[in-house]
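Asker: Can you read through this structure? Questions will come right after.
Nothing in this text is a laboratory measurement; each read-out follows from the coordinates by a stated rule. Please read these numbers as outputs of a predicted model, since none were measured by experiment. Neighbour counts are summed over all protein chains in view; Cβ atoms, including those assigned to glycine, are modelled from backbone coordinates with ideal geometry.
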Amino acid sequence: MALKPTERWHAPDDYWYDGHHQWIADGEDTATLRVGVTDYTQDTAGEILYVSLPEPGASVKEGEPFGSIESGKWVGQLYAPCDGTVVAINTALQAEPQLLNQDPYQKGWLIELHPATPKSFSKWLTPPSYRALLATLDDGYHD
Amino acid sequence: MGREPRVPLYVLGGVDWLTTQTLYHGLAELDEEAIILCWPKSPYVSLGCHQDGAEFDPVSGIPALRRRVGGTLVYLDEQQVFFQVLMDPSRLLPGARPSEWYRLALEPVVAYLDRLGLEARLKPPADILIGSRKISGNAGGQLGDKMVIVGNLLVDFPRHRMAEARYAPNPEMRRAFEASLNQHLVTLHELPGLAGMTRETVMEGLAETYILGLNAVLSEPAWTRWSPTLERIGRELQDPRWLRAEGYRLPYHQIKIRESVYLRALRVDPAHPWAPLTVELHTDSRTVTRVWGVEELERMDWPRSIDHLHELPMSPDWLEALCRLADRPPGQHEGLTKEENDYGVETDGTMARSG
């Protein structure tokens, strides 16, 4: 029997989501945003072997790739959720890229951004909206 | 797939070397599905997206670029027929893994080889083998909103040119590379009854199996519309900052020969006694299969199990070197842990890149 969509791919509260299956949350600093990939991304990528991230200080542009991940000769892109400047990257991923698979919402975070405009989460999907998106994606798995 | 739009099939034959790479990058950016069959009019080298730029040897004089899909350095020339498949994610169920995309895109290639009477099989994630020898190497990724799988079928292959293009820390590793390629690769021309096979015939055969297998429809290329995008991408893929960027670096020099077969040499000072030692490892069978560069070790019988290296009659110094290359602490029954990945080791990491 197929799993219900919200069980197949976890999408916790307290995060916002974009159409690239990435999450956005408050960063360490109140002015910053933390970005990571969702359970859907890590699940569909398979075992992640390598992560390429920008250097702190790099500028990113909304909707454009800021990094990439590789699993089994397969490269997936990471997209900036807004214009801004990278203020920190998760250096733990250097030694343990598998953190993206094991704990995508906490230890597997990717970057922190200082947005170019005052931060607002309204442009991104709420948890219920993202779960609804996952439900549409999961339709093919239901009888 | 019958109700979905048919995938345009572009049967191009020989094109400029750079276009063989910019075309699939460009069509992905233009959000177009496509199956492209072609070959380059002249040789070049293509590095993997995350590969260390230092692994290309510019002394070889071969033009080079870095693609945006996975895998490692490949030497490409006019005796390889390329297939490049760009599909909308809706072609498979949501949540499909890369292995499923590889299977979808590569089944027509396996079907074509079957038609030739060859027993071809896909070795996950992305090699096609005849017996135990690789005849087709492939890589993939998501570019824009398209799932992209690219690869080639070897009609003929100059192993020595490939060995020249790949950086080797010493002549022993380069010699080992060519020898290992000779053992683990095969071309159509080397198979019984296929010595006269032309790339044109191969391309026509692949076109037929892609039309049948992926519901492709023969289409005319839109060069005028595509050109500005392809020209810009061509500059980007050759940009020295992108091409020579640092990438993933293991504690040893490693060359992937085919899925599960790797060459390794230690990263030590060239004057160190360990420097010339190169080993070939099979991660599936967990064996060291061959050794180069050290006469004492070359004379021994190989293959040997990684788990029993400590039983070999050799000095502790050489044992330590071999164990380091096999990712195995001396005296412990442990070894390689990731058998089906591109790097074959457990110490993968992150590359910080500014560009």
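Asker: For the protein assembly as shown, what are the per-bin percents of Cα-Cα distances with bins 10 Å wide, up to the bin holding the maximum?
Answerer: Result returned by the calculation: 4, 19, 28, 26, 17, 6, 1.
Asker: Name the residues whose placed amide hydrogens come within less than 5 Å of the amide hydrogen of residue B:81, ignoring near sequence neighbours (fewer than 5 apart) on the same chain.
Answerer: Counting only residues 5 or more places away or on other chains, the set is B:153, B:155.
Asker: Add -39500 (n - 2.57) for each DSSP H run of 4 or more in chain B, then divide by its residues: what number comes out at 222 nm, to the nearest 500 deg cm²/dmol?
Answerer: -8500 deg cm²/dmol
Asker: On to the next question. Roughly what would the spin-label model give for residue B:189 and residue B:302, points 7 Å off Cα along C-beta, in nm?
Answerer: The modelled label-to-label distance comes out at 2.8 nm.
Asker: Determine, from the Cβ-Cβ distance of residue A:26 and residue B:100 and an R0 of 56 Å, the FRET efficiency 1/(1 + (r/R0)^6), rounded to the nearest 0.05.
Answerer: The formula returns an efficiency of 0.95 here.
Asker: Over all residues in B:48-55, what is the mean tally of Cβ atoms on other chains that come within 10 Å of each residue's Cβ?
Answerer: 3
Asker: Let me check I have the definition right: for chain B, take the eigenvalues of the Cα gyration tensor, multiply each by 5, take square roots. What are those semi-axes in whole Å, largest first? Don't skip to the end; give the middle numbers.
Answerer: On the way: eigenvalues 267, 94, 73 Å².
Values for chain B, descending: 37, 22, 19 Å.
Asker: Compute for the stretch A:15-120: radius of gyration divided by Kirkwood radius, i.e. Rg/Rh, restricted to C-alpha atoms, rounded to two decimals.
Answerer: 0.93
Asker: Taking other Cβ within 10 Å of each residue's Cβ, how do B:292, A:124 sort, fewest first?
Answerer: Listing B:292, A:124 from fewest to most nearby Cβ atoms yields A:124, B:292.
Asker: Between residue A:129 and residue B:215, with labels modelled 7 Å along Cα→Cβ, what's the label distance in nm to one decimal, could you check?
Answerer: Label at residue A:129, label at residue B:215, 3.2 nm between them.
Asker: Full extension from residue B:208 to residue B:145: what is 0.36 nm times the residue separation minus their Cα-Cα distance, to one decimal in nm?
Answerer: Details: separation 63, 0.36 × 63 = 22.68 nm, distance 2.65 nm.
So the chain would gain 20.0 nm between residue B:208 and residue B:145.
Asker: Would you mind listing how long the stretch B:145-216 runs along its three principal axes, going by Cα atoms, in whole Å with the largest first?
Answerer: 48, 41, 17
Asker: Say the cut-off is 18 Å between C-alpha atoms; which of B:41/B:134; B:146/B:256; A:61/A:119; A:107/B:146; A:73/B:256; B:123/B:256 go over it? Write down the numbers at each step before the final one.
Answerer: Values: B:41/B:134 23 Å; B:146/B:256 27 Å; A:61/A:119 14 Å; A:107/B:146 29 Å; A:73/B:256 12 Å; B:123/B:256 14 Å.
Table pairs above 18 Å Cα-Cα are B:41/B:134; B:146/B:256; A:107/B:146.
Asker: On to the next question. When the Kirkwood radius is taken over all Cα pairs of the stretch B:161-320, what Stokes-Einstein diffusion coefficient follows at 10 °C and 1.306 mPa s, in µm²/s?
Answerer: It diffuses with D of about 80 µm²/s by this estimate.
Asker: What do the square roots of 5 times the Cα gyration tensor eigenvalues come to for the stretch B:1-81, in whole Å, largest first, as semi-axes of the equivalent ellipsoid?
Answerer: 27, 16, 9
Asker: Here's another thing I want to ask about it. Only sites in a loop by DSSP and with at most 15 other Cβ atoms within 10 Å count here; which GluC sites (Glu not before Pro) in the stretch B:225-322 make the cut? Write down the numbers at each step before the final one.
Answerer: On the way: sites: B:231, B:236, B:246, B:259, B:280, B:295, B:296, B:298, B:311, B:320; in loops: B:246, B:259.
Those that pass, being in a loop and sparsely packed, are B:246.
Asker: Could you give the nm distance between label points at residue B:119 and residue A:103, where each point is 7 Å from its Cα heading toward the beta carbon?
Answerer: 4.8
Asker: Could you give the length gained on full extension between residue B:107 and residue B:12, defined as 0.36 nm per residue of separation minus the Cα-Cα distance, in nm?
Answerer: Values: separation 95, 0.36 × 95 = 34.20 nm, distance 2.07 nm.
Between residue B:107 and residue B:12, full extension yields an extra 32.1 nm.
Asker: Further, regarding this structure: Quick one: check the C-alpha center-to-center distance for the stretch B:228-269 versus the stretch B:114-134, whole angstrom.
Answerer: Cα centroid to Cα centroid, the span is 25 Å.
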